[in-house]
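Each remark here refers to the structure printed beneath this line.
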Amino acid sequence: MSVAPTVSVSPAAPSETGPLTVMIVDDSAVIRGIFRRTLEAEPTIEVVASVSNGQQAVDALAKKRVDVVVLDIEMPVMDGMTALPKLLEIAPGVKVIMASTLTEKNAAISLEALQKGAADYIPKPTAKYEIHSADNFKRELVEKIMALG
């Protein structure tokens, strides 16, 4: 009688098969909804968590397998820059895309995040430019997640 070896898989280990798992982290329910609808329209992407701050992201990542995190920079409770190293410590293989509005300050912070281990950066559309940039943003978000996964 042979016994199959047991394999322990970390809850945050990247998937080898199946859809890419994504966590959305943004304090704006509207932005989370836009991200979720955009991503769930793709059959190869599954949104497994949608949370409103960095602490919730850390807690969720400890419990769920996530391939890619879309992480806002400015949030209450715990901002994205504070959450970034904690997320990478919990799940070293997770890919983090920093998402922020198009401001000079946030662009500099996003570059700093890339130096600290974030995999990519995407500027969120603003109300002023949303009509012209929403489709481009959605396409770019999906492309970045697919490339990282």
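Read-outs throughout are calculated quantities, based only on the coordinates presented, and are distinct from any laboratory measurement. Computed from a prediction, not measured in an experiment: that's the story for all the values here. Counting neighbours? That spans all protein chains shown, and the Cβs are built from the backbone with ideal geometry, glycine included.
Using the Cβ atoms and a cut-off under 14 Å, what net charge is assigned to the surroundings of Leu114, where Lys and Arg are +1 and Asp and Glu are -1? Cβ neighbours under 14 Å give a net charge of +1. A straight Cα-to-Cα reach below 13 Å connects Lys138 with the aspartates and glutamates Glu40, Glu42, Glu130, residues fewer than 8 places away in its own chain not being considered. Of all aspartates and glutamates in the structure, the ones whose alpha carbon falls short of 12 Å from that of Lys86, not counting any fewer than 8 places away in one chain, are Asp59. Amide H contacts for Met78 (H built 1.01 Å from N in the peptide plane; partners 5 or more residues away or on another chain; cut-off under 5 Å): Gly54, Gln55. Working note: Cα gyration tensor of the stretch 20-148, eigenvalues times five, square-rooted, sorted largest first, giving semi-axes of 20, 17, 13 Å.
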